[in-house]
1. Regarding region 167-182, can at least one residue be identified that is touching a Lys or Arg at 6+ places or on another chain (Cβ under 6 Å) and either of a type in the set (D, E, K, R) or in contact (Cβ under 8 Å) with a residue 60 or more places away in the chain (or both)?
2. Could you please find all residues in region 1-23 being open to solvent by 50 Å² or more (accessible area, probe 1.4 Å), acidic (D, E) and not in a helix (DSSP H, G or I)?
3. Given (1) crowded, with 16+ Cβ neighbours inside 10 Å; (2) in a loop (DSSP other than H, G, I, E, B); (3) hydrophobic (A, V, I, L, M, F, W, C), identify the lone condition not met by F42.
4. Return the residue satisfying two criteria in turn: it lies in region 130-163 and is buried (at least 24 other Cβ atoms within 10 Å of the Cβ) and aromatic (F, W, Y), and of such residues it is farthest from L28 (Cα to Cα).
5. Out of region 136-150, which residues are within 16 Å of L187 (Cβ to Cβ) and of a type outside the set (D, E)?
6. I'd like the residue in region 178-197 that is part of a loop (DSSP other than H, G, I, E, B) and within 15 Å of L30 (Cβ to Cβ) and, out of all such residues, is modelled with the lowest pLDDT.
7. Please verify whether region 155-170 includes one or more residues that are of a type outside the set (G, A, S), under 17 Å from F53 (Cβ atoms), in contact with a Ser or Thr (Cβ under 7 Å, 6 or more places away or on another chain) and in a loop (DSSP other than H, G, I, E, B).
Amino acid sequence: MKILVLADCESKSLYEYFTPEKIQGVDLILACGDLKWNYLDFFASMASVPVLFVLGNHDPAYDPSACGGCVCIEDDIYVYKGVRILGLGGSMRYHPDGDNQYTEREMKRRIQKLWWKLWKNKGFDILVSHAPAAGVNDLPDLPHRGFSCFLQLMEKYKPGLFVHGHVHANYGAGFKRVDQYKETKVLNAYDYYIIEYPEKP
């Protein structure tokens, strides 16, 4: 399965200078937050494949009427072609009233509430979030710090892939597109990237 991942900024190469060949063969699109609804709708129309998304810390509250053909997977598991995809958007809380921001405890509570869906689906294969996991592609400042409970989630369910955004390539030399945490490949979706899942040997 070929997956296009998006996050954080509108790619001029992919959007303003779009040609069908750039997304040819893409089976699924995963959006990791901080992207405008019309940007996501564009790819839903052009690719004719599911566009699944979570919310970023700069996104407004979710409005189903504004998202067209895209599917919000916040706090849910979406199964596509047998692949179980779990969505947990938002970032670490750095403003008391910030939208889509959570303390470590609040994010852990969100995960705990998913126990039935996780049990029913026997786990998940791909984790889609906005924020990274603690110590894996995150930054030391509070707004870009990762969640420790994501590490626990990966350790318990061993998904093949964890896709996040939030940490931009222009934030410094520490940017990593691809990383690894135990059995899970970690992918920073900033701008856009295409990955084969599962990877061909």
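1. So in region 167-182, the residues touching a Lys or Arg at 6+ places or on another chain (Cβ under 6 Å) come out as none.
The answer is no, given that none of the residues of region 167-182 is touching a Lys or Arg at 6+ places or on another chain (Cβ under 6 Å) and either of a type in the set (D, E, K, R) or in contact (Cβ under 8 Å) with a residue 60 or more places away in the chain (or both).
2. Residue satisfying the conditions is E10 alone.
3. Answer for F42: the failing condition is (2).
4. So, considering only residues that are buried (at least 24 other Cβ atoms within 10 Å of the Cβ) and aromatic (F, W, Y), the one farthest from L28 (Cα to Cα) is F147.
5. Going residue by residue through region 136-150, those that are within 16 Å of L187 (Cβ to Cβ) are 136-138, 146, 150.
Once the filter is applied, which keeps residues that are within 16 Å of L187 (Cβ to Cβ) and of a type outside the set (D, E), region 136-150 yields V136, N137, G146, F150.
6. Initial filter on region 178-197 (part of a loop (DSSP other than H, G, I, E, B)): 182-183, 189-190, 197.
Checking the rest, the ones that are also within 15 Å of L30 (Cβ to Cβ) come to 189-190, 197.
On the way: A189: 96, Y190: 95, Y197: 92.
My answer is Y197.
7. Yes, some residue in region 155-170 is of a type outside the set (G, A, S), under 17 Å from F53 (Cβ atoms), in contact with a Ser or Thr (Cβ under 7 Å, 6 or more places away or on another chain) and in a loop (DSSP other than H, G, I, E, B).
This table checks each residue for (1) in contact (Cβ under 8 Å) with a residue 60 or more places away in the chain; (2) out of contact with any Lys or Arg (no Cβ under 7 Å at 6 or more places or on another chain).
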| residue | (1), (2) |
| --- | --- |
| L4 | yes, yes |
| E16 | no, yes |
| T19 | no, yes |
| V26 | yes, no |
| D34 | yes, yes |
| W37 | no, yes |
| F42 | no, yes |
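The values are calculated or read from the model by the stated rules, or taken from the named source; none is laboratory data. Given the structure is predicted, the values throughout are model-derived calculations rather than measurements. Because the Cβ atoms are built from the backbone with ideal geometry, glycine has one as well, and the counts that use them run over all protein chains shown. We work out accessible area using only protein heavy atoms, side chains counted, and drop any ligands, DNA or RNA first. Shrake-Rupley method; radii C 1.70, N 1.55, O 1.52, S 1.80 Å.
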